[in-house]
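Peer 1: Quick one: the structure is below, and I'll ask about it shortly.
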Amino acid sequence: MTRHRGRGIASVNYPIGMNLGGDPSQALVHSNPSGKFTVALSSIDLGQGMKSVTRQICAETLGVPVEDVYVDTADSDTGPHCMGSFASRGTHRVGNAVMAAAREARGVMMEAAAEELEVNAADLETDGRGNIHVRGAPHRSISTKDVAIAAQFKQGKTISGRGIFLVPLSDVDPETGEMSPATCYAHACLVAEVEVDDETGEVAMIRMDSAYELGRALNPRLVEQQLVGGAWMGVSHALYETPEPYYPEPVHGPRDFVEYLMPGPGDICPHDIAVLERPAPDGPFGAKGPGEMCANPVLPAVANAIFNAVGVRIDDLPITPEKVLRAIKAQGGARPQPRR
Amino acid sequence: MAKTALQFQHNGRDVAIFVDGGTNLLVALRELIGDMTPKFGCGQGGCGTCSVLIDGEIHLSCLTLAETVAGRSVETLDGIKDGPNLHPLQRAFADNFAAQCGYCTPGMLTAAKALLDRNPQPSRAEVVEAISGNICRCTGYEPIINAVLAAASGGRARA
Ligand code: FES
Ligand code: FES
């Protein structure tokens, strides 16, 4: 029995959101008499951090502290329409909608503040700490709370905004068939190192090294969290998870977590990640999306690493020990490729 | 079917309930006592999110007959914090981004507490071993392992 080391590489060009145009999401932002703001969405935060990142985007656009923004998500009765949380579209699509809504609400807030301070709204700026003042004259100031109260109880204004983000439809060139299926691409490259046991067909992850280019990382810790967890999911798809593990009949499929396999804490490997930031022209504050793409490069990189280790090319996922072993047997033994 | 009277300690408080024969501890805690911190994941011992401590030892409450805890002490995540103050493990989970959807978190924290209670300075391998009965879909485990190690070293270590 020998264990063979192999290294594989894969790169990904990842279009953010659904292709071919459309793919809308909406947001509504309004102030409360306390001077705090509510963002209404029907988008769902499954733990990726959509609430945190839309909160940051809203606060930054309004010019108020992040603590003053509350995001209400996941209810299509109370929030405006969203296509959903998938395709790495949350930060980009929903973020853009929130930004548009917050910009409109900021416009009303500045008008209301101008009326209170008896100045022109164009001369006002926010300090990001909950105050609005005359540019160059910080003492001529009013708190966002007082503006919200004045707008509500005196001026009869709603400080609110509506936002939608819709990708323009891309026309097909009748001559060439050419079109632009997406407006925003993220990129990744990942090197996987594996060890393949030629007696059992088992594949162990040794390490991963990756670079992810995802526009501006609006919340670096959340981005890191996505990349670490997403790459684990990539390993899981590459080597473990399947509803039809060993037999062609779905009735023989897994029924529980004992049969539906995923890598446990003992199966993970060191993963060194570099985040590259190239702001997207049409992203909120330059953000793209770190969601689905975290997992994608892992699968081809692992398949390539297995080929490099024992010379078998498995193109059917997941790459179970059984498939590796059958392929090694079929070619009469492991054939390690030149180390790369 | 006749119900059985059952008394035990729930997070340090005496509780008394009536259970049907065959009721498991997870159902007793959630439906009869109203402690929603142990979660139902699989109901068959495969995921660990229903973990509780019985006399300090970790058990899967979905596989524990409620009647077997008579007179014993059951600790759940509900009792882990000290008033408004988070337990150091909870703090470390937050600081290390060790929860995303949060479904595995009660079981992970319970498994980690069981470990640190008997081994306050565990190695990485011991942490991995301690949480290996718990499935997490979101985090890739690395942040959870880091959080437990950080809590063990007094929260000083950063991921
Ligand atoms: S619910 Fe008890 S182990 Fe899954
Ligand atoms: S945080 Fe989602 S299952 Fe662990």
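Peer 1: Just to be sure, is A:GLY95 buried (at least 20 other Cβ atoms within 10 Å of the Cβ), modelled with pLDDT under 95 and over 30 Å from A:PHE307 (Cβ atoms)?
Peer 2: Working: buried (at least 20 other Cβ atoms within 10 Å of the Cβ): yes; modelled with pLDDT under 95: no; over 30 Å from A:PHE307 (Cβ atoms): yes.
Spelling it out, it is not the case that A:GLY95 is buried (at least 20 other Cβ atoms within 10 Å of the Cβ), modelled with pLDDT under 95 and over 30 Å from A:PHE307 (Cβ atoms).
Peer 1: Tally the residues that are assigned to a loop (DSSP other than H, G, I, E, B), within 16 Å of ligand 2 (Cβ to nearest atom) and not polar (S, T, N, Q), restricting the search to the stretch A:38-58.
Peer 2: Here the count works out to 5.
Peer 1: Looking at the stretch B:29-42 only, could you name the residues that are away from ligand 2 (no atom under 16 Å from the Cβ) and either basic (Lys, Arg) or more than 15 Å from the chain's Cα centre (by Cα) (or both)?
Peer 2: Once the filter is applied, which keeps residues that are away from ligand 2 (no atom under 16 Å from the Cβ) and either basic (Lys, Arg) or more than 15 Å from the chain's Cα centre (by Cα) (or both), the stretch B:29-42 yields B:ARG30, B:GLU31, B:LEU32, B:ILE33, B:GLY34.
Peer 1: Can you list the strands (runs of 3 or more DSSP E) lying wholly within the stretch B:1-113 that have 1 or more residues being within 13 Å of ligand 1 (Cβ to nearest atom) and of a type in the set (A, V, I, L, M, F, W, C)?
Peer 2: B:51-54, B:57-60
Peer 1: Does the stretch A:91-98 include one or more residues that are within 25 Å of A:LYS157 (Cβ to Cβ), outside the structural domain of A:ALA295 (by TED's automatic domain parsing) and more than 17 Å from the chain's Cα centre (by Cα)?
Peer 2: Checking the stretch A:91-98: not a single residue is within 25 Å of A:LYS157 (Cβ to Cβ), outside the structural domain of A:ALA295 (by TED's automatic domain parsing) and more than 17 Å from the chain's Cα centre (by Cα).
Peer 1: Within the stretch B:43-62, which residues are more than 11 Å from the chain's Cα centre (by Cα) and more than 16 Å from ligand 2 (Cβ to nearest atom)?
Peer 2: B:GLY43, B:GLN44, B:GLY45, B:ASP55, B:CYS62
Peer 1: Now, a different point. Out of curiosity, is B:ILE145 assigned to a helix (DSSP H, G or I), within 16 Å of ligand 2 (Cβ to nearest atom) and of a type in the set (A, V, I, L, M, F, W, C)?
Peer 2: Working: assigned to a helix (DSSP H, G or I): yes; within 16 Å of ligand 2 (Cβ to nearest atom): yes; of a type in the set (A, V, I, L, M, F, W, C): yes.
It is true that B:ILE145 is assigned to a helix (DSSP H, G or I), within 16 Å of ligand 2 (Cβ to nearest atom) and of a type in the set (A, V, I, L, M, F, W, C).
Peer 1: Regarding A:ASP256, is this residue assigned to a loop (DSSP other than H, G, I, E, B), among the acidic types (Asp, Glu) and more than 16 Å from ligand 1 (Cβ to nearest atom)?
Peer 2: No: the conditions fail for A:ASP256.
Peer 1: Can you name the residue in the stretch A:263-275 that is exposed (fewer than 14 other Cβ atoms within 10 Å of the Cβ) and closer than 23 Å to A:ASN219 by Cβ and is also farthest from the other protein chains (Cβ to nearest Cβ) among such residues?
Peer 2: Of the residues in the stretch A:263-275, the ones exposed (fewer than 14 other Cβ atoms within 10 Å of the Cβ) are A:266, A:270, A:272, A:274.
Cutting the leftovers down to closer than 23 Å to A:ASN219 by Cβ gives us A:272, A:274.
Numbers: A:ASP272: 12, A:ALA274: 16 Å.
Residue satisfying both the conditions and the ranking: A:ALA274.
This table checks each residue for (1) over 10 Å from the mean Cα position of the chain (by Cα); (2) closer than 19 Å to B:ASP117 by Cα; (3) more than 16 Å from ligand 2 (Cβ to nearest atom).
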{"site": "B:THR64", "(1), (2), (3)": "yes, no, yes"}
{"site": "B:VAL69", "(1), (2), (3)": "yes, no, yes"}
{"site": "B:THR76", "(1), (2), (3)": "no, yes, yes"}
{"site": "B:GLY83", "(1), (2), (3)": "yes, no, yes"}
{"site": "B:HIS87", "(1), (2), (3)": "yes, yes, yes"}
{"site": "B:ALA92", "(1), (2), (3)": "yes, yes, no"}
{"site": "B:ASN96", "(1), (2), (3)": "yes, no, no"}
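Peer 1: Within the stretch A:59-74, is there a residue that is within 15 Å of the chain's Cα centre (by Cα) and either in a loop (DSSP other than H, G, I, E, B) or of a type in the set (Gly, Ala, Ser) (or both)? Outline the logic, then answer.
Peer 2: Narrowing the stretch A:59-74 to residues within 15 Å of the chain's Cα centre (by Cα): none.
Within the stretch A:59-74 (the criterion being within 15 Å of the chain's Cα centre (by Cα) and either in a loop (DSSP other than H, G, I, E, B) or of a type in the set (Gly, Ala, Ser) (or both)), the answer is no, since none of the residues qualifies.
Peer 1: What number of residues within the stretch B:93-119 are free of Cβ contacts under 8 Å to residues at least 12 places away in the same chain and in contact with an Asp or Glu (Cβ under 8 Å, 6 or more places away or on another chain)?
Peer 2: Residues that pass the stated criteria total 1.
Peer 1: Ok, one more. Residues to consider are A:MET205, A:MET293; find the one that is at pLDDT 95 or above and either touching a Gly at 6+ places or on another chain (Cβ under 8 Å) or of a type in the set (A, V, I, L, M, F, W, C) (or both). Show your work before the answer.
Peer 2: Numbers: A:MET293 fails: at pLDDT 95 or above.
After applying the criteria, what remains is A:MET205.
Peer 1: Say we look at the stretch B:98-143 and pick out the residues that are among the hydroxyl-bearing types (Ser, Thr, Tyr) and within 9 Å of chain A (Cβ to nearest Cβ); which of these is nearest to the chain's Cα centre (by Cα)?
Peer 2: Among those that are among the hydroxyl-bearing types (Ser, Thr, Tyr) and within 9 Å of chain A (Cβ to nearest Cβ), it is B:TYR103.
Peer 1: Sticking with this one: Would you confirm whether any residue within the stretch B:63-83 is out of contact with any strand residue (DSSP E or B) (no Cβ under 6 Å at 6 or more places or on another chain), in the same structural domain as B:HIS10 (by TED's automatic domain parsing), under 23 Å from A:TYR260 (Cα atoms) and of a type outside the set (Lys, Arg)?
Peer 2: yes
Each row is one residue, and each column tells you yes or no for (1) within 30 Å of A:VAL235 (Cα to Cα); (2) touching an Asp or Glu at 6+ places or on another chain (Cβ under 7 Å).
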{"site": "A:ILE142", "(1), (2)": "no, yes"}
{"site": "A:ILE149", "(1), (2)": "no, no"}
{"site": "A:LYS157", "(1), (2)": "no, no"}
{"site": "A:SER160", "(1), (2)": "no, no"}
{"site": "A:PRO168", "(1), (2)": "no, no"}
{"site": "A:ASP171", "(1), (2)": "no, no"}
{"site": "A:THR200", "(1), (2)": "yes, no"}
{"site": "A:ARG207", "(1), (2)": "yes, yes"}
{"site": "A:ALA217", "(1), (2)": "yes, yes"}
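Peer 1: Checking the conditions here, which among A:LEU124, A:LEU46 is within 14 Å of chain B (Cβ to nearest Cβ) and aliphatic (A, V, I, L, M)?
Peer 2: Only one candidate passes the filter, namely A:LEU46.
The values are calculated or read from the model by the stated rules, or taken from the named source; none is laboratory data. Just so we're clear, the structure is a prediction, and the values are computed from it rather than from any experiment. Reconstructed Cβ throughout: ideal geometry from the backbone, glycine too, with neighbour counts over all protein chains shown.
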